[in-house]
Amino acid sequence: MLNKEYEFIEMKVCEYFNVCIDDLSSAKRKSDIAMARGFVFYILHRIYHVSASRLAIEYKRSVRAVFWHVDKISYLIKQRAYKEMYEQITHLINTNPK
């Protein structure tokens, strides 16, 4: 189970994309859910150093799928629109009390 700080990150990313937290672990592949899932994986893995294997277990994914999402977001945030999206999400996370 993820700790409270990580749950807060999930909540803020889901709030940003207007999706349910339960959707992150679901098999749904709608673009908004997949993007939210990708940003959660990216932030937790790259910023908070949560292992890919732990994320895979928590979100019912393969380790390969976790790395795929992290790599995809890494690539996307090099583009201006996605970088702005990432900055807005991290601003939400950093400015709200946990």
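The values are calculated or read from the model by the stated rules, or taken from the named source; none is laboratory data. Since the structure is predicted, the reported quantities are computational estimates derived from the model, not experimental observations. Each accessible area value is taken on the protein alone, full model and side chains, heavy atoms only, with ligands, DNA and RNA left out. Shrake-Rupley method; radii C 1.70, N 1.55, O 1.52, S 1.80 Å.
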Excluding ligands, DNA and RNA, what is the solvent-accessible area per residue of the chain at a probe of 1.4 Å, expressed in Å²?
-> 61 Å²
Give the relative contact order (percent, whole number) for the chain; include only Cα pairs under 8 Å separated by 6+ residues.
-> 28 percent
Please give every one of the lysines within straight-line cross-link reach of K72, meaning a C-alpha to C-alpha distance under 22 Å, and leave out same-chain neighbours fewer than 8 residues apart.
-> K12, K28, K30, K60, K83
Given a 1.4 Å probe and the protein chains all in place, what does the accessible area of L76 round to, in Å² to the nearest 10?
-> 20 Å²
For region 24-30, Karplus couplings with θ = phi - 60° (6.51, -1.76, 1.60), whole Hz, Gly/Pro x = 4, 9, 7, 8, 4, 10, 4
In whole percent, the fraction of accessible protein surface over the chain that belongs to carbon or sulfur atoms, probe radius 1.4 Å, stands at 53 percent
Estimated vicinal HN-Hα couplings, Hz - region 6-23 in sequence order (Karplus 6.51, -1.76, 1.60; Gly, Pro = x) | 6, 5, 4, 5, 3, 4, 5, 5, 5, 4, 4, 8, 6, 10, 7, 4, 4, 5
Quickly estimate the mean residue ellipticity at 222 nm for the chain, helices only: each DSSP H run with n ≥ 4 gives -39500 (n - 2.57), and the total goes over all residues, rounded to 500.
-> -21000 deg cm²/dmol
Answer rounded, prolate or oblate for region 22-64, using the Cα gyration tensor with square roots of eigenvalues a ≥ b ≥ c: rounded when a/c is under 1.5, else prolate when a/b is larger than b/c, else oblate.
-> oblate
Hey, what did region 15-65 get for relative contact order, percent, Cα under 8 Å, at least 6 apart?
-> 31 percent
